[in-house]
Amino acid sequence: MWFDDEHETLEVYLDGALEFGIELIGFSNAEEGIAELKKNFFEYEAIIVDGYFFEYKLNKTDEAHDAAFVKVAAELKSFKDRGKLIPWFIFSGQPSFITEKKPWFNVLIDKNFAGGKIFEKTPKDFVLLCQTILKTVEESDSNELKSNYSEVLHAIEKHIDPYLGKGTQTRLLEILKSLKNPKDSFDDELYFIKIRMILEALFRSAIEYGLLHENCISQDGKVNLTESSLFLAGEPTKHLLVGCKKKHFPRIISDIVKSILFITGAAAHTVDPQIERNIDLKDYRHRINTPYLLYSLAFQLMDVLLWYKSYVEENPDKEYNKSHWIKTIGPIKQDNAGNYFCGEVLLKKNYIEKYFKVEDEIKITEWDDNKDLRTKAQHPLFATRIERHYKNVSFNKTNE
């Protein structure tokens, strides 16, 4: 918003501001401008105030004077209680206003008002004003976001960034900044990759806490996001030959993470890209080209981050967390009671005796909790699907 009685004739400044990406909405008098502010307070990012302009709607007897400035300045100070402090700047063409400090000046002008200086109506100062506006608004947006999402950012700072530097907070803030302007153009690939990188940071942190197996990181240092998701959900990994007998992810968190990985993978092409997924997203964007899908993923991700903070604080013992790891490949054994097992996983007796023998190498590809109280303590899991490992042939049978 720009308070200036001559704003309609100062096209050079209107056009100049647009070159910086700033749209100036002009008001010649305090009455109309203040009314607009009260009505659409959150539509404006910054305010420029001239030293002398009209106090009321223009009429023949009205003259530009500093009373209008006094009224606007007082009103802007009162807006602090409305939940948003709009940065404002003085841009005056009157030397007397700049050089003469009126009695009300120190009372109304907060020493921290945006810019920290009075800008003169010169081309040089106007460029500086635009640059200062952009910098101040950006800092104001960041501070507002940091305040509104402080709990999520604290979760990142405390449990993720110590292992990865400060990049994760920055990525999330970039996504949140994009949410402020839903009509702006956006880039699926750019933001979807950022979301995946934040999940990757969470998985790397989970390794440090012993919640996730080291095998989820490849030899070249890349995190297998899909396998990490399966491991933390207590589901068999597809290729890593390890699993977790404890389901760290509750069902809703597991479903959220899988959904995020599936959707973002369609644009990011970072892990196991599938043509079908890419075509599906392209068709979706052809019909619904909005950023709302991105928004929903970002907010779901924040729930995952908050859940993670709470969970690691309740489960900080790395060695105990690692005690839940299991191998999903190994030889068939038989205990003194005649039960067949592989590691900590109980096997279906009739099924083993029909298709296998003791010491056969198998891979456990599906399991469930062992509900048999007689064997549960020794074998907490029960295999529902196995394969001969050395032949890598699935029998496609379910132990029932």
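Observations
- In this structure, the amide hydrogen of TRP88, modeled 1.01 Å from its nitrogen in the peptide plane, lies closer than 5 angstrom to those of ILE47, ALA114, counting only residues at least 5 positions away or on a different chain.
- Cα centroids of region 115-144 and region 303-349: 58 Å apart.
- Converting phi to 3J(HN,Hα) with the Karplus coefficients 6.51, -1.76 and 1.60 and the offset θ = phi - 60°, region 331-337 yields x, 6, 10, 9, 8, 5, 8 Hz in sequence order, with x at every glycine or proline.
- Shape call, region 1-59: gyration tensor on alpha carbons, a/c limit 1.5: oblate
- LYS245 accessible area, 1.4 Å probe, all protein chains in place, Å² to nearest 10: 60 Å²
- Karplus 3J(HN,Hα) series, Hz, for region 295-302 with 6.51 cos²θ - 1.76 cosθ + 1.60 (x for Gly, Pro): 4, 5, 5, 4, 6, 5, 4, 5
- Stretching LYS135 away from GLU189 to a fully extended chain increases their span by 16.8 nm, per 0.36 nm per residue minus the current alpha-carbon distance.
- Backbone HN-Hα couplings from phi across region 65-71 [Karplus 6.51/-1.76/1.60, Hz, Gly and Pro as x]: 7, 7, 4, 5, 4, 4, 5
- 1.4 Å probe accessible area per residue over region 303-348, in Å²: 49 Å²
- TRP367 long-range amide H proximity, modeled H, under 5 Å: THR384
- Placed amide H near GLY26: partners under 5 Å, 5+ positions off or other chain: TRP2
- Surface calculation, 1.4 Å probe, protein heavy atoms: GLU6 sits at approximately 90 Å² accessible.
The values are calculated or read from the model by the stated rules, or taken from the named source; none is laboratory data. These numbers were taken from a predicted model, which means no experiment stands behind them. Areas reflect the complete protein model, heavy atoms only, side chains present, ligands, DNA and RNA absent. Shrake-Rupley method; radii C 1.70, N 1.55, O 1.52, S 1.80 Å.
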